1. Given the options Lys73, Lys63, name the one that is part of a helix (DSSP H, G or I), at negative phi and without any contact (Cβ under 8 Å) to a residue 24 or more places away in the chain.
2. Of the residues that make up the stretch 95-103, is at least one aromatic (Phe, Trp, Tyr), crowded, with 19+ Cβ neighbours inside 10 Å and touching a Gly at 6+ places or on another chain (Cβ under 8 Å)?
3. Looking only at residues in the stretch 25-53 that are β-branched (Val, Ile, Thr) and either at pLDDT 90 or above or part of a helix (DSSP H, G or I) (or both), which one is surrounded by the most Cβ atoms within 10 Å (Cβ to Cβ)?
4. Restricting attention to the stretch 18-40, does a residue exist that is under 14 Å from the mean Cα position of the chain (by Cα) and over 28 Å from Leu147 (Cα atoms)?
5. When residues of the stretch 94-105 are filtered for being aliphatic (A, V, I, L, M) and closer than 16 Å to Pro34 by Cβ, how many remain?
6. Does Val84 qualify as being assigned to a helix (DSSP H, G or I), surrounded by 13 or more Cβ atoms within 10 Å (Cβ to Cβ) and in contact with a strand residue (DSSP E or B) (Cβ under 6 Å, 6 or more places away or on another chain)?
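The values are calculated or read from the model by the stated rules, or taken from the named source; none is laboratory data. Since the model is a prediction, treat every value here as computed from it, not as a measurement. Every residue, glycine among them, receives a Cβ derived from its backbone with ideal geometry; neighbour counts consider all protein chains shown.
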Amino acid sequence: MKELHIRVLIGVFVVAGVLSWAAARLWNGVGTLPSVPLAAPIVLALIAVVLLSTALSLRARLKAQRERRPGAKGVDPLMAARAVVFGQASALVAALVAGMYGGTGVFLLELLDIPARRDQAIYAGFSVVAGIAVIVAALFLERVCRLPEDDDQNHSGAEPVA
């Protein structure tokens, strides 16, 4: 499994942000811009919490397994691989969504004198922050699930579980 690179996430975020800003300008010129839902930052924050709790749980179980504690519950490699895939997919989607709301939020900065648009700009800002939290939690989960460097092969660093 390939490691998720931060450059890819930044690229997705920037491209989505620019396209969203342009689309918001166009849409507002043609008609009424759709509103930014209040649920967007809440859902992203919940995903970040799930990823972080999964990472912390796996880290504790792997530590107990390494220390050979009696009764330590092992980590199924397939389950760890699924968690990493979920984290990577979540990070990519969060970069896309955060970029979209970031671009829309930048456009909405021009309309802060309208109370409804000001609220939407705040929701968009919280969505960007929650999206970044998802990305950070996903990268932490990926780091937790890395295998130590294999001495039999010449790798430049550790690699993910699967």
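1. Only one candidate qualifies: Lys63.
2. Yes, that holds for at least one residue.
3. Going through the qualifying residues, I end up with Ile47.
4. Yes, the stretch 18-40 contains a residue that is under 14 Å from the mean Cα position of the chain (by Cα) and over 28 Å from Leu147 (Cα atoms).
5. Total satisfying the criteria: 2.
6. For Val84, the condition - assigned to a helix (DSSP H, G or I), surrounded by 13 or more Cβ atoms within 10 Å (Cβ to Cβ) and in contact with a strand residue (DSSP E or B) (Cβ under 6 Å, 6 or more places away or on another chain) - is met.
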